[in-house]
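The values are calculated or read from the model by the stated rules, or taken from the named source; none is laboratory data. Not measured: the values here are computed from a predicted model. For neighbour counting, all protein chains shown are included, and Cβ atoms are generated from backbone atoms with ideal geometry for every residue, glycine included. The protein model used for the area step is the full one, side chains on, heavy atoms only, and it has no ligands, DNA or RNA in it. Shrake-Rupley method; radii C 1.70, N 1.55, O 1.52, S 1.80 Å.
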Amino acid sequence: MPRSARLRQLQGWLFALPALLFVAVFVLVPLGQPIAMSLTDIKLLGGSKFIGFDNYFRIWSDLGFWRALRFTAEYTLILTPILMGLGFALALLTVENTPLKRLTRTIVFLPVVIGLSSSSLLWFWLLDEQVGLFNKLLIDLHVIREPIVWFVTPNLAFSAVVISITWKVVGFGVVLFVSGIQAINPDILEAAVMDGASYWSRVRLILLPLTRRVILLTTPVSAIGSMLAFDQFYIMTSGGPRGQTFTAVYWIYQNSFVLFKLGYGAALSIVLTLIILVFSTLQISLTARSEPQ
């Protein structure tokens, strides 16, 4: 190789060196630490011994983890369509750039900037059976006669979390859907109107297909966020009642920082990461196949 070519190659590596160091220090090392921890029986209070893949073998018989994983999947499958459907519907209602609809979009988006822990705590008190505003409003409107105790039964606790997260997150999807709809050439919609297409026909045959990329973007983002749910259940339900609202991340936290089994918690984290990685890979593959050639 000529000396000038080797010099250019060296210069290229020198330019890339800061980025490579950043990736190594902040990505590879943090990723390698839980992998190494998962092969030991390290405890939070000290002491560790190399045990190989025993933690991973133990996961297969951990009924609590699989129950938490199933609950997480149910939560994801229920919440994601709600966020997508409601987000698209609100985008249709507020897509025009009138002052009132811009204000409405802003109000809908405001909860997105609130921290998840803060919003969960807010909804915990709003739904409280004694001092909560939500129950009082329903009683004043004669919808219910007695306050609803939201966090005593699994279904009501689950519904309370879904309501709070929908309020918190739906504005993000609304903004993305509005951007996607506004990017559509208005001549297409005008031509459809001139051809006599009804409003719902335009939504079904024009708006939905032409916002496909936005849907393909928001769906995995929403699904992965649901699969990593922790704060809302930790604050609002504490895994109850009777441990029936434990998510996968909550179970990892429980084993790592309550039962002090950091090695086992690291193994659970690796397994959950692989599950999400497989899901993301499938989503990317489906997205690539759906793109027009």
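Points to keep in mind about this one:
- Close pairs (6 angstrom Cβ cut-off, 6 or more residues apart or separate chains): polar (S, T, N, Q) in the range 53-64, part of a helix (DSSP H, G or I) anywhere: Asn55/Gly263; Asn55/Tyr264; Asn55/Ala267
- Among the candidates Leu133, Leu100, residue that is open to solvent by 40 Å² or more (accessible area, probe 1.4 Å), touching a helix residue (DSSP H, G or I) at 6+ places or on another chain (Cβ under 7 Å) and over 22 Å from Gly240 (Cβ atoms): Leu133
- Residue count, the range 112-130 (criterion: at pLDDT below 90 and open to solvent by 90 Å² or more (accessible area, probe 1.4 Å)): 1
- Against the numbered list (1) within 26 Å of Met37 (Cα to Cα); (2) over 16 Å from the mean Cα position of the chain (by Cα), Ile224 comes up short only at (2).
- Screening the range 1-66 for helices (runs of 4 or more DSSP H) wholly inside it with 1 or more residues that are exposed (fewer than 11 other Cβ atoms within 10 Å of the Cβ) and at pLDDT 85 or above returns the ranges 3-23.
- Any chance Val95 is within 31 Å of the chain's Cα centre (by Cα) and either open to solvent by 70 Å² or more (accessible area, probe 1.4 Å) or over 28 Å from Ile276 (Cα atoms) (or both): yes
- For beta carbons closer than 9 Å, sequence separation of 6+ or different chains, a first residue in the range 179-198 that is over 29 Å from Phe109 (Cα atoms) and a second that is of a type outside the set (A, V, I, L, M), the qualifying pairs are Ala192/Ser201; Ala192/Arg202; Val193/Arg202.
- Listed conditions (1) among the hydrophobic types (A, V, I, L, M, F, W, C); (2) under 16 Å from Lys168 (Cα atoms); (3) exposed (fewer than 13 other Cβ atoms within 10 Å of the Cβ) are all met by Phe109, apart from (3).
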